[in-house]
Amino acid sequence: PLQGAMEAIKQVPALEDRQAWQDLINSYDQASEVLFQQLRQQFPVTLTQENIAGVNVYRVIPPVISPTNGQRILVHLHGGGYAFAGGELGSGEAILAAHYGQIEVISIDYRRPPDYPFPSALDDALAVWRELVTTYEVSRMGLFGTSAGGGLLLALVCQLRQLNLPLPAAIAPLSPWVDLTKTGDTYFTNEYVDRTAISYGGLLAGLAQLYAGKLPLDHPFISPLYNDLEGLPPTLLISGTRDLILSDTARLQRKLRQNNEVVDLQLFEGLSHAEYLYQFDTPESAEVFGELSQFFNRHLQQ
């Protein structure tokens, strides 16, 4: 199924051809559906579609919620280059986190390009967060997401801080795409070594431009690595030695450390970009979500 999904995205349309981009996105999502159904069978959860603050979300409830997580909630922002994995497909990572963490998760199905470039996704995430903090204690709330989800997560936290709104107790941007420019050593050293992201040229470059629209790629809310990262909650970073954008994780970790923030960096040998999401029946995937669960257990109030 993963190979089928990658076959669907070989041809990158011209940036202005919105219909071709939509067709490409539809092809990718259709190819990914087989893998998603396999995940659903292997990790049975209750998946409910809801509307929060006018935004489509999915509430994920595992068969068992641990006693320590009874009043906790995790909020999830999915990856997919900001354009792929809409609808239920975006909840796959939330399902894994709910299963391994025995915790309830809300996955935000934010609006996506080509019809909705930046700041639509950030606006949706902010609207849902504003609503959730009226129901849950922020000391019991965590934010997580992989790749573009990790970048959007970081942008959201920066905006929350700018607006003087409550921050989550802890955040986990996993293999985060926090710099949409081709900056960083591993964009070159891991090109064609990473078997999922493969190369920045072509698809990733197109997705970056598609999301940014007319704004520069280094805009601090599009590439939040360039934002002010002081005062962030405790942060978990996870990546792998074959990750094309490992440098994003490394640079983010150094910037957080320079600001004296609490940051936990976990690196996995031989892991390609976000591979733990696609190879979800591997020990590495179980270990990633085990680390995620332990991290939130340490930092979220019971």
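S139 to T48: FRET efficiency via 1/(1 + (r/R0)^6), r the Cβ-Cβ distance, R0 35 Å, to the nearest 0.05? Mind dumping the intermediate values first?
Details: r = 25 Å, r/R0 = 0.72.
Working from the Cβ atoms, E equals 0.90.
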Subject >> Label point distance in nm, D115-N26, each placed 7 Å from Cα along Cα→Cβ >> reply: 1.2
Subject >> For the range 222-272 and the range 43-94, distance of Cα centres in Å >> reply: 23
**OP:** Can you tell me the order of 37-49, 242-254, 222-234, 58-70 when each peptide is scored by its average per-residue count of other Cβ atoms within 10 angstrom, highest first?
**Re:** 242-254, 222-234, 58-70, 37-49
Subject >> Summed side-chain charge close to Y58 - residues other than Y58 whose Cβ falls under 14 Å, Lys, Arg +1, Asp, Glu -1 >> reply: -4
Subject >> Local electrostatic count, G70, Cβ distance below 11 Å [Lys/Arg +1, Asp/Glu -1] >> reply: +1
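Can you give me the relative contact order of the chain as a percent, contacts being Cα pairs under 8 Å and 6 or more apart?
Details: 614 pairs, mean separation 52.7, N = 302.
This gives 17 percent for the chain.
Classify the range 186-259 from the C-alpha gyration tensor, please: rounded if a/c falls under 1.5, else prolate or oblate depending on whether a/b exceeds b/c.
On the way: a/c = 2.67, a/b = 1.19, b/c = 2.23.
Verdict is oblate for the range 186-259.
Give the shape of the range 1-132 as rounded, prolate or oblate, defined through the alpha-carbon gyration tensor: a ≥ b ≥ c are the square roots of its eigenvalues, a/c under 1.5 means rounded, and otherwise the shape is prolate if a/b is larger than b/c and oblate if not. Each step should come with its number before you reach the end.
On the way: a/c = 3.08, a/b = 1.44, b/c = 2.14.
Because a/c hits 1.5 or more and a/b fails to exceed b/c, the range 1-132 counts as oblate.
Hey, what did the range 30-98 get for relative contact order, percent, Cα under 8 Å, at least 6 apart?
32
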Original post:
What residues qualify as long-range amide H neighbours of T196, i.e. H under 5 Å apart, gap of 5 or more or another chain, H built at 1.01 Å from N?
Top reply: H273
Original post:
How long is the gain from R298 to A127 if the chain were fully straight, where each residue apart is worth 0.36 nm and the alpha carbon distance is subtracted?
Top reply: 58.8 nm
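Stretch D17-V34 to full length: gain in nm at 0.36 nm per residue minus the Cα-Cα span? Write out the running numbers ahead of the final one.
Details: separation 17, 0.36 × 17 = 6.12 nm, distance 2.75 nm.
Value of the extension gain: 3.4 nm.
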Original post:
Once you charge only the Cβ atoms, +1 for Lys and Arg and -1 for Asp and Glu, what is the size of the charge dipole of the chain about its Cα centre, to the nearest 20 debye?
Top reply: 480
Original post:
Taking +1 at the Cβ of each Lys and Arg and -1 at the Cβ of each Asp and Glu, which of A121, S91, N69 sits farthest along the dipole of the chain towards its positive end, judged by Cα position relative to the Cα centre?
Top reply: N69
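List the chymotrypsin sites (Phe, Trp or Tyr not before Pro) within the range 136-209 that fall in a DSSP loop (any state other than H, G, I, E or B) and whose Cβ has at most 12 other Cβ atoms within 10 Å.
For chymotrypsin sites (Phe, Trp or Tyr not before Pro) across the range 136-209 that sit outside H, G, I, E and B with at most 12 neighbouring Cβ atoms in 10 Å, the list reads Y192.
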**OP:** Using R₀ = 30 Å, calculate the FRET efficiency as 1/(1 + (r/R₀)^6) where r is the Cβ-Cβ separation of Q162 and Q279; round to 0.05.
**Re:** 0.20
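Using DSSP to call loops (not H, G, I, E or B), can you name the trypsin sites (Lys or Arg not before Pro) in the range 155-223 whose Cβ has at most 10 other Cβ atoms within 10 angstrom? Mind dumping the intermediate values first?
Numbers: sites: R161, K182, R195, K214; in loops: K182, R195, K214.
The qualifying sites are K214.
Mean separation of Cα pairs under 8 Å and 6+ residues apart, divided by the residue count of the range 67-213: what relative contact order is that in percent? Write out the running numbers ahead of the final one.
Working: 226 pairs, mean separation 40.1, N = 147.
Relative contact order comes out at 27 percent.
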Original post:
Using the heavy atoms of the protein chains alone and a 1.4 angstrom probe, what is the accessible area of the range 194-302 per residue in square angstrom?
Top reply: 42
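The values are calculated or read from the model by the stated rules, or taken from the named source; none is laboratory data. Bear in mind that the values here come from a model prediction, so they are computed numbers and not experimental data. All Cβ positions, even for glycine, are placed from backbone atoms using ideal geometry, and neighbour counts span all protein chains on display. These accessible areas exclude ligands, DNA and RNA; they are computed on the full protein's heavy atoms, side chains included. Shrake-Rupley method; radii C 1.70, N 1.55, O 1.52, S 1.80 Å.
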